[in-house]
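Peer 1: I'd like to ask you about the structure that follows.
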Amino acid sequence: MSASSPQQPVTRMHYAGLDGLRALAVAGVLVYHLFPGALPGGFIGVDVFFVISGFLITSLLMREHDAHGSISLRRFWTRRARRILPALVLVVTASTTAALVVGGDVLVRIGRQVLGAATFSYNWVEIASGGSYFDALSPEMFRTLWSLAVEEQFYIVWPLLLLALLLVPSRWLRAALLVAASAGSALWMSALFAPGADATRVYYGTDTHAFGLLIGAALAVLLEGRLGAGLPRSDRRSIRIAFDVVGTVALAGVAVLAVALGDGDAATYRGGLALASLLTVVAITAAIRPGSLLGARLDAGALRWLGQRSYGVYLWHWPVFTLILAVSGSIATQAPPVSASLVAVVLTLALSELSFRYVETPVRVRGFRQCGKAMLRAFRASAPRAAIATGVTVAAFALVGSTGAAVAVAPQSSSVERLIAHAQKSADEREEPAESTPVPATISGSDITAVGDSVMLAAAPALEDTLPGIDIDAQVSRSMYTAPGILEDLKKQGRLRSTVVVGLGTNGPVDESTLREVADVLGPDRHLILVNAYAPRDWIAGVNAELEAFASRHRTSVVADWRDAIEPRAGELLAGDSIHPGYEGGTVYAEAIMRSLQVLADLPPAVTEQHGYNLPLVR
């Protein structure tokens with residue numbers, strides 16, 4: 001391996017079917033992000049990309065090593081820069097400039113995001129700063145760049161590691177080592193994942209999410225010596241059909257995972273993403289064989305077009321979407337208007353085509369130096385060409401300058417975060433609590449433990465004023481799946497009081513088994529108040545129905561009807577996301593809980609003690 005080499009670069013090969021696989025992968029990601037709920041596991045498209053990248057990069061490096069006996073690091077990293085930087089710089093500067101014009105929450109912590117993008121360390125910057133891929137309060141405009149960071153970190157170290165790997169005499173043993181490394185990464189993800197907790201660390205981590213890149217590299221190593229001239233064509237029709245069938249079944253398996261997995265499911269991080277990567281390897285193996293019908297179908301016109309532009313589509317879609325929603329006064333974590341999603345798709349495809357044709361392709365084919373010389377020649381050419389060159393130069397300086405200005409003026413907290421902070425500060429500054437529904441004589445704040453998400457966190461000042469002494473444990477981005485573990489910890493700490501309020505319906509579906517676990521932790525001697533949810537999200541109706549059904553079957557469980565209480569005044573008392581209350585909205589939240597406390601206080605004695613807290617409802 002050398003820093004430079006006078007040898008001619010190895011010609012890049014085209015493998016049948018890979019453009020189509022890229023197209024399917026980026027389509028899955030677009031549906032997952034732009035049409036929430038339509039494809040819950042569409043995010044596995046990123047793992048398909050990882051496998052393809054690991055395979056292609058490794059095959060290119062190995063063919064160069066086979067041809068010249070060395071690998072030119074300078075040439076390799078220059079090729080990567082030509083491929084990655086033009087579109088990335090354009091997307092980051094253009095999107096940040098647009099965000100500066102739009103203003104508001106799309107600018108929140110933009111400096112940190114630009115730093116992560118510029119240094120290909122977005123994933124670790126967000127992990128170190130406590131950022132969350134699943135945070136509903138301030139969705140970052142460049143959040144999707146985490147995966148590009150993982151790939152680039154791999155590209156930096158992999159050529160060096162590959163040279164060491166090539167010292168192993170057997171290609172089967174080399175492949176086995178890579179498979180073992182891939183399995184280790186997947187197992188590390190599984191070990192670090194904590195059900196119900198924020199999964200950003202295990203999802204963003206290069207160590208925990210490298211298995212796709214490594215298993216793709218393993219495939220390239222296994223096919224060593226066959227990649228230069230292409231895989232041997234089989235004369236037996238039955239063998240070709242068998243490969244096509246197996247590859248098609250593997251693709252169908254990826255599609256099933258895209259429908260079945262969710263970004264908060266334990267199955268996703270404990271084998272689901274690794275299985276998607278393994279199925280992708282099978283699909284690649286079948287598609288790239290000469291004469292493969294699967295490869296030919298994946299290379300069909302529309303799929304090939306989208307696959308060739310998949311990098312730009314991936315970069316553009318999320319900034320475009322967040323900007324459209326910001327202009328419309330919405331947020332990306334809501335169920336957005338279909339019209340906004342469709343506009344985002346059209347703009348993304350248009351911008352990706354322009355970027356591919358006029359920015360990415362010229363630099364990739366001609367290089368930075370030749371493109372720079374062509375620009376200088378344009379200034380001395382005809383007036384129209386000089387005008388175009390001048391316009392491009394002015395636009396480039398304007399984008400860079402406005403990006404710097406956006407970083408300088410960007411707020412460090414979102415409007416919802418500021419609303420919560422303001423509500424808490426206002427509560428601290430008041431000398432007397434606000435008037436509210438009287439507390440039932442038999443229940444006081446000192447008898448209540450409350451566990452909730454960011455909605456309860458926003459309402460906490462009003463809750464503390466209404467129920468002095470209440471113990472509130474509320475954090476951002478919690479779901480109901482976290483409740484059993486949180487309540488068990490509070491129980492061990494001696495903080496679980498006679499009445500427990502749980503408000504965790506905003507951030508995801510609720511199932512009966514989780515609610516039963518909650519009841520098991522509380523035991524038969526505690527009352528349970530389940531706060532229902534109000535949010536423009538597609539799972540809310542199901543959450544509220546599940547809470548009502550559970551409470552109707554458990555005598556000492558009741559529902560605090562936050563939904564009906566806030567709905568008539570949502571536009572007045574909730575933040576722009578139509579989810580989080582200010583202080584006055586918090587009093588509505590507190591009053592809904594007060595009415596439930598009154599219901600509990602009015603409960604007659606149980607008819608029988610046979611079933612403990614699972615008795616039929618008797619009032």
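Peer 1: List the strands (runs of 3 or more DSSP E) that sit entirely inside the range 405-503 and contain at least 3 residues that are at pLDDT below 90 and basic (Lys, Arg).
Peer 2: none
Peer 1: For the range 550-566, give me the residue count where each residue is over 17 Å from ALA592 (Cβ atoms), open to solvent by less than 30 Å² (accessible area, probe 1.4 Å) and out of contact with any strand residue (DSSP E or B) (no Cβ under 8 Å at 6 or more places or on another chain). Show your work before the answer.
Peer 2: First, the residues of the range 550-566 that are over 17 Å from ALA592 (Cβ atoms): 550, 552-556.
Then keep just the ones that are open to solvent by less than 30 Å² (accessible area, probe 1.4 Å); that gives 550, 554-556.
In the following step, the residues that additionally are out of contact with any strand residue (DSSP E or B) (no Cβ under 8 Å at 6 or more places or on another chain) were identified as 555.
Of the residues in that region, 1 qualify.
Peer 1: In addition: Inspect all residues belonging to the range 179-190 and state whether any of them is on the phi > 0 side of the Ramachandran plot and either in contact with a Leu (Cβ under 9 Å, 6 or more places away or on another chain) or open to solvent by 20 Å² or more (accessible area, probe 1.4 Å) (or both).
Peer 2: no
Peer 1: From the set of residues in the range 35-55 that are modelled with pLDDT of 90 or more and touching a Ser or Thr at 6+ places or on another chain (Cβ under 8 Å), which is surrounded by the most Cβ atoms within 10 Å (Cβ to Cβ)?
Peer 2: VAL51
Peer 1: Could I ask something else about it? Given the criterion under 18 Å from the mean Cα position of the chain (by Cα), buried (at least 23 other Cβ atoms within 10 Å of the Cβ), in a helix (DSSP H, G or I) and of a type in the set (A, V, I, L, M), identify the matching residue among ALA276, ALA283, ALA267.
Peer 2: Exactly one residue qualifies, and that residue is ALA276.
Peer 1: With the requirement that a residue be open to solvent by 10 Å² or more (accessible area, probe 1.4 Å) and small (Gly, Ala, Ser), what does the range 461-505 give you?
Peer 2: Hits for the range 461-505 are GLY469, ALA474, SER477, SER479, GLY485, GLY494, SER498.
Peer 1: What are the residues in the range 195-225 that are under 30 Å from GLY485 (Cβ atoms) and not in a helix (DSSP H, G or I), if any?
Peer 2: Across the range 195-225, the qualifying residues are PRO195, GLY196, ALA197, ASP198, ALA199, GLY205, THR206, ASP207, THR208, HIS209, ALA210.
Peer 1: Which condition number in (1) outside any helix (DSSP H, G or I); (2) in contact with a Lys or Arg (Cβ under 8 Å, 6 or more places away or on another chain) is the one that ALA381 fails?
Peer 2: Of (1) outside any helix (DSSP H, G or I); (2) in contact with a Lys or Arg (Cβ under 8 Å, 6 or more places away or on another chain), only one is false for ALA381: (2).
Peer 1: Which pairs have Cβ atoms under 7 Å, sit 6 or more apart or on different chains, and link a residue in the range 169-189 that is farther than 16 Å from ARG270 by Cα to one that is acidic (Asp, Glu) and surrounded by fewer than 20 Cβ atoms within 10 Å (Cβ to Cβ)?
Peer 2: Close Cβ pairs satisfying both conditions: ARG171/GLU224.
Peer 1: For ILE156, only one of the following conditions fails: (1) closer than 27 Å to GLY116 by Cα; (2) open to solvent by less than 50 Å² (accessible area, probe 1.4 Å); (3) touching a Phe, Trp or Tyr at 6+ places or on another chain (Cβ under 9 Å). What is its number?
Peer 2: (2)
Peer 1: Quick check on the range 339-357. Is at least one of its residues at pLDDT below 85 and either in contact with a Leu (Cβ under 7 Å, 6 or more places away or on another chain) or surrounded by 12 or more Cβ atoms within 10 Å (Cβ to Cβ) (or both)?
Peer 2: Scanning the range 339-357, I find no residue that is at pLDDT below 85 and either in contact with a Leu (Cβ under 7 Å, 6 or more places away or on another chain) or surrounded by 12 or more Cβ atoms within 10 Å (Cβ to Cβ) (or both), so the answer is no.
Peer 1: Something else now. Identify, from the list ILE566, ILE529, the residue that is assigned to a strand (DSSP E or B) and closer than 22 Å to ALA459 by Cβ.
Peer 2: ILE529
Peer 1: Within the range 367-395, which residues are within 24 Å of ARG79 (Cβ to Cβ) and open to solvent by less than 50 Å² (accessible area, probe 1.4 Å)?
Peer 2: GLY367, CYS371, GLY372, ALA374
The rows are residues; the columns are (1) modelled with pLDDT of 90 or more; (2) over 24 Å from ARG366 (Cα atoms); (3) surrounded by 16 or more Cβ atoms within 10 Å (Cβ to Cβ).
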{"site": "GLY69", "(1), (2), (3)": "no, yes, no"}
{"site": "ALA87", "(1), (2), (3)": "yes, no, yes"}
{"site": "THR93", "(1), (2), (3)": "yes, no, yes"}
{"site": "THR97", "(1), (2), (3)": "yes, yes, yes"}
{"site": "LEU100", "(1), (2), (3)": "yes, yes, yes"}
{"site": "ASP105", "(1), (2), (3)": "no, yes, yes"}
{"site": "ILE110", "(1), (2), (3)": "yes, yes, yes"}
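Peer 1: Quickly run through the range 327-338 and pick out the residues that are assigned to a helix (DSSP H, G or I) and modelled with pLDDT under 85.
Peer 2: SER328, VAL338
The values are calculated or read from the model by the stated rules, or taken from the named source; none is laboratory data. Note that this is a predicted model, so its numbers are computed, not measured. Cβ: placed from backbone, ideal geometry, glycine included. Neighbour counts: every protein chain shown. SASA here: full protein model, heavy atoms, side chains in, ligands and nucleic acids out. Shrake-Rupley method; radii C 1.70, N 1.55, O 1.52, S 1.80 Å.
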